[in-house]
Amino acid sequence: MSDGAAGHAERTAVGVFDELARRTFVVVSGKGGVGRTTVAALCGLALADRGRRVLVATTGHDDRLAWMLGADSLSEVPTPVEGGLSIVRLSAPACIREYGALVLRSSRLSTAVFDNRIVSRLMRAIPGLDDFSLVGKAWHDAFRGGDYDTVIFDGPATGHLLYTLGVPRAIRQTIAPGPLTREAELMCQHFEDRTRTAALLVGLPERWPLTELDELGVALGDQVGIGVAAVVVNGLWPSDVARVPTLDPDAPGAAVLEAVAGLAATGRRHDRELAAWVQGHATPRAATLTLPWRFDGVEDRRALRELLAGFAAVRTYAEAGT
Ligand SMILES: Nc1ncnc2c1ncn2[C@@H]1O[C@H](COP(=O)(O)OP(=O)(O)O)[C@@H](O)[C@H]1O
Ligand SMILES: [Mg+2]
């Protein structure tokens, strides 16, 4: 009984973030445009609120992460934004130079190697090198840099993420032993360690996209050894709008009421899709959290804070049945 209670407690948003606050590396993923960067920022705030020194590292090209957190732009140098929270953009050229310096243990050597035009052209031809440098830099900041307790990796979308996180395994399997394979081996060990690394998957409230998210979760475990801590279903529309009366189309306010009715219908569809997906799982799995759709967007810290308070937990089929 007490086990069940503890298990359930961990499945609330507070429980999920308490748990993630004990991790060193948190990977956020899902399809493009579903709210990965927003969820990475929320997770960053939640962990910083728990006294952690957190870096949200994004491979995204837009500056939204910075704007949402009140900074002007996103730079390749970590920028503190509030409390213990900092943000940074991971770009392949900067990561290759910086992470290369760490592997080669000399920035002079790294500049000589990586800034050499012929060498860099050759390097670009090595498949996976860009991705290895991105994940290597984030991994270094998480596990060896010492400046942060947790690094949140807002990495590429679904398929590309598996490829990116899979590069260390590929290096371990294919390259002759040397500095690079030693790094890759350590990375693999850290990713596979469920007490240190966890994934947070983000999807929209539609059944098939959520099913694809399950597949991503399985693939992350199988291909890179990373366990999923929680799934965040983002952007639920309100369904609990009181029953809307139907008015004569010419009556004042009829258009507004029609719009409200349409909104509630979408919200009810989201609830149905979510319930169908939840019931499709006979076995317990990662915690499921939801976030409401904000009709006025998520453009600043106030909006982010409000959204953080809007996390809700969904009871899974297995829990509801016991
Ligand atoms: N819960 C939400 N309510 C309203 N707008 C949202 C919500 N989540 C994300 N958005 C908006 O959707 C867009 C994509 O979000 P973003 O986090 O950048 O997605 P991704 O990183 O997956 O591409 C942004 O304009 C963001 O403001
Ligand atoms: Mg993004």
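Observations on the model:
- With the Kirkwood sum run over all distinct C-alpha pairs, the range 2-233 has a hydrodynamic radius of 18.1 Å.
- Working ranking of peptides 256-269, 162-175 by packing, defined as the average number of other Cβ atoms within 10 Å per residue, highest first, is 162-175, 256-269.
- Segments 287-294, 220-227 sorted - mean Cβ within 10 Å per residue, highest first: 287-294, 220-227
- When each of the peptides 187-193, 136-142 is scored by the mean number of other C-beta atoms lying within 10 Å of its residues, the order from highest to lowest reads 136-142, 187-193.
- In order along the range 135-144, the phi-based Karplus estimate (6.51 cos²θ - 1.76 cosθ + 1.60, θ = phi - 60°) of 3J(HN,Hα) comes to 6, x, 5, 4, 4, 4, 4, 6, 9, 10 Hz; Gly and Pro are listed as x.
- Candidates 140, 201, 156 compared by Cα position along the dipole of the range 2-233: farthest toward the positive end lies 140, with charges placed on Cβ.
- Residue 56 long-range amide H proximity, modeled H, under 5 Å: 86, 87, 88, 152
Quick note: the coordinates plus some simple rules give every number you see, no bench work behind them. Owing to the predicted nature of the structure, the values given are computational and were not obtained by experimental measurement. Glycine gets a Cβ as well: all are built from the backbone with ideal geometry, and neighbour counts include every protein chain shown.
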